[in-house]
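What follows is one structure encoded as structure tokens, with my remarks underneath.
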Amino acid sequence: MLASGPPSPRVAAQGASFVVRFGTAVGLGVLAALVGAVPATLRVASVAGDGGAGPGRVWLALAAAALAPMLAAVVVLRGAREGLRAFAGPGAGLRALGIALWLASLLVGLTFFGSVLRAETHQHALAGVTFAFGALAFSVASAVVCARLVSIARGAPAFGRRALVFVAGTVAVLALAFVGLRFLHAASHDAASYGAAGTVVDVLAFALAAFFASHRALRGRRAFALLGPPVAVVVVALGVLTLRGAPLLRDAIGESAPAFAPVVDLLSRP
């Protein structure tokens, strides 16, 4: 019989690379879950009070609930980034900027359009039809304007391109911030909208944390691969113990952070 020799260096490197990639994904996932759970922690801790868990335990409980979805989101976004990069080609950054500006303009423009219709139109059917046709026209017009901006930036010299990108990005960020502040102000004065506002904030925090955690520059960091899995085990263990020992905390999460409630209910089962 022929004795089987040691695995080839290529196979060993592939196995080690998979282990490193998996550990890095877990490490980035737990870090993103901890960061994304911060806004919900602030709300839940203020509502829970002395419900059997301090802010630190609330934070770990919410991070444990967000860990599995966050890990899945990081892995999916990694693959999506690679796929988009393969089909991007030259000028991908400007095209991405144009799409981002178009989406931001839709959010801001349709928000103000809807608020005007709500204040001025008292017939809901008429308001709905008007909003549908107005949204369609605004979407097309905004797409044309954004495409024109991208075309101008592509043909401009380097200094002019950077200035145009900076101005357009600044205007978009300020407009989004203004809409966000108006949304939070309206939600804070309406108790029925408090949970919905919290859901919007939590979803945005989750999406931003997953987006940055899936960045290509963080994939080769072996520190995440070494520390990530044990930290994830500790977070999940302490989070589950906290959820199962504090029923008032589960009620507070359902009231102030409903986006976490389904996973919290699952983790709370004995």
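Coordinate-derived values only; no laboratory data. Source: prediction; values computed, not measured. Here Cβ is always computed from backbone atoms with ideal geometry, including for glycine, and neighbour counts include all displayed protein chains.
Here are some notes:
- Karplus-derived 3J(HN,Hα) values for region 153-159, using 6.51 cos²θ - 1.76 cosθ + 1.60 with θ = phi - 60°, are 5, 5, x, 7, x, 4, 5 Hz; glycine and proline are entered as x.
- Per-peptide packing, taken as the mean over residues of other Cβ atoms within 10 Å, places 60-73, 99-112 in the sequence 60-73, 99-112 from highest down.
- Compactness of region 215-270 was expressed as the Cα radius of gyration divided by 2.2 N^0.38 Å, which yields 1.48.
- Cα gyration tensor category, rounded, prolate or oblate, for region 20-268 with a/c compared to 1.5: oblate
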